[in-house]
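Asks: Please read through the structure below; I'll follow up with questions.
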Amino acid sequence: MTSTLLRLGLALGVASLLFALPAVAQGESGLRVGAAAPVVTVNDLDGRPVNFGQWIGKKPVLVEFWATWCSNCEELLPRLREAMKAVGNRMEFLAVNVTVNQTPERVRRYLQEHDVPFRILYDDKGTSIRAFQAPATSYVVIVDAKGRVVYTGVGGDQRFEPALRLAAGIND
Amino acid sequence: MRPLHPLLLAALVGAAGLPGLRAQDSAAGRPAAVLVSGPREGDRAPDFSLAWASRDTAGAVPWFSLSSQRGNVVVLAFYPRDFTSGCTAQMKTFTEQYNDLFGEDVVVVGINADSLETHQRFAQSLGLPFRLLSDPKQEVSKKYGSADQNGYNRRTVYVIDRKGRVAYTNLRFGALDPKAYSSLKAAVSDARRN
């Protein structure tokens, strides 16, 4: 009896630690690959609500968290444009402005000066930032048609293309 | 009814929240847990002394000591690394919204394991109006439950009131989260009034 209790006790103790530890790193590293993508509603630049549920689980989705002052995002932009051209309407591209040090006017000015063909959202409540655990601007999340996260990455030189081709069903 | 075996009891207590583990809402709004061993709100803030750099200088004396700031509201911002995207976003926001978030009489310091030279370059690159403290062995970061196992800090923020007590903690500060900044602003404002 004592040894059973001992084993159970140790198992529970270890389980409690395992439960606790991964969450420490998650805050800075983004969503886990394989996790279900969160379904959230975020406003666009005109304040109209946009529900991610219209795409998540129905078609592949690429979400980028960006800001006008983010040099990594600017570095990433041409490759995202290329990717969008390659996959066409097989995938939804959402560019979520993080609104930190931003105004809608500043974002609009930026869009006039840069060719950003994605659906632009303005997350002034931080809903998607928290739900997607966005650690930094230039954070890209690719979600497959089943609504599962298949890629996360940060930085201007991140290699998202293989996961994007896979999620979009492009065989080359 | 027989009393629970001490080991089982210990494990159940552990599962509910080991000493040093405190439940906190996760980024996705689900219950999660983070490893926390820092002071809680109302506790006396552990004193420390660290070398610092600013955009103008590195390694000047005296070192920054928390106890010497008694009478001021102090914001301790533990963050992972200089020159990374999340940290740049956070420090840029602190800089651009300094007066709105803090006010001129508040003492803000950033803390991580980076060297004073790196700190000075980072402070210069963003024009930071506050000091960055170097905690190479993460001794202070550990006291505040902010040291990661990889040698980097987790992103946490503490507000220390004029009497040296912890007035506010955010143990998972979201560098891109507008709510994190508004909550910090409110906490600083409260601490300044008291």
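The values are calculated or read from the model by the stated rules, or taken from the named source; none is laboratory data. Model, not experiment: these values are computed from the prediction. Neighbour counts run over all protein chains shown; Cβ positions are idealised from the backbone, glycine included.
Asks: For the stretch A:121-172, enumerate the residues that are part of a helix (DSSP H, G or I) and within 12 Å of chain B (Cβ to nearest Cβ).
Replies: A:Thr127, A:Ser128, A:Ile129, A:Arg130, A:Ala131
Residues are listed down the side, and each one gets a yes or a no for (1) surrounded by 22 or more Cβ atoms within 10 Å (Cβ to Cβ); (2) within 15 Å of the chain's Cα centre (by Cα):
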site	(1), (2)
B:Cys87	yes, yes
B:Gln97	no, no
B:His119	yes, no
B:Ser141	yes, yes
B:Gly151	no, no
B:Val157	yes, yes
B:Gly174	yes, yes
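Asks: Which of the residues that make up the stretch A:126-143 are without any contact (Cβ under 8 Å) to a residue 40 or more places away in the chain and in contact with a Pro (Cβ under 8 Å, 6 or more places away or on another chain)?
Replies: A:Gly126 - this is the single residue of the stretch A:126-143 that is without any contact (Cβ under 8 Å) to a residue 40 or more places away in the chain and in contact with a Pro (Cβ under 8 Å, 6 or more places away or on another chain).
Asks: Can I ask one more? Residues being surrounded by 17 or more Cβ atoms within 10 Å (Cβ to Cβ) and more than 16 Å from the chain's Cα centre (by Cα): count how many of those fall in the stretch B:55-68.
Replies: 2
Asks: Can you give me the number of residues within the stretch A:29-43 that are of a type in the set (A, V, I, L, M, F, W, C) and not in a loop (DSSP other than H, G, I, E, B)?
Replies: Residues flagged as of a type in the set (A, V, I, L, M, F, W, C) and not in a loop (DSSP other than H, G, I, E, B) within the stretch A:29-43 amount to 2.
Asks: Here's something else I'd like to know. Among the candidates B:Asp100, B:Asp105, B:Asp148, B:Asp190, which residue alone is without any contact (Cβ under 8 Å) to a residue 60 or more places away in the chain and out of contact with any Cys (no Cβ under 6 Å at 6 or more places or on another chain)?
Replies: B:Asp190
Asks: I've got another one for you. Return the only residue of B:Phe83, B:Phe48 being modelled with pLDDT of 95 or more and among the aromatic types (Phe, Trp, Tyr).
Replies: None of the other options fit; the residue is B:Phe48.
Asks: If I ask for residues that are closer than 20 Å to B:Ser67 by Cα and aromatic (Phe, Trp, Tyr), which ones from the stretch B:123-160 would you list?
Replies: Listed by number, the residues that qualify are B:Phe130, B:Tyr144, B:Tyr158.
Asks: So, one more: What about B:Tyr168, is it within 14 Å of chain A (Cβ to nearest Cβ), crowded, with 17+ Cβ neighbours inside 10 Å, over 17 Å from B:Arg55 (Cβ atoms) and of a type outside the set (D, E, K, R)?
Replies: No, not satisfied.
Asks: Sticking with this structure for a sec: Where in the stretch A:44-118 are there strands (runs of 3 or more DSSP E), lying fully within it, with 3 or more residues that are within 15 Å of the chain's Cα centre (by Cα) and surrounded by 14 or more Cβ atoms within 10 Å (Cβ to Cβ)?
Replies: A:61-66, A:92-97
Asks: While we're here: Can you list the strands (runs of 3 or more DSSP E) found entirely within the stretch B:117-191 that contain at least 3 residues being within 18 Å of B:Pro80 (Cα to Cα)?
Replies: Ranges flagged: B:131-134, B:156-160.
Asks: Another question, if that's okay. Pick out the one residue from A:Ala35, A:Ala23 that is facing chain B (nearest Cβ under 10 Å), at pLDDT 50 or above and touching a strand residue (DSSP E or B) at 6+ places or on another chain (Cβ under 7 Å).
Replies: Testing whether each residue is facing chain B (nearest Cβ under 10 Å), at pLDDT 50 or above and touching a strand residue (DSSP E or B) at 6+ places or on another chain (Cβ under 7 Å) leaves just A:Ala35.
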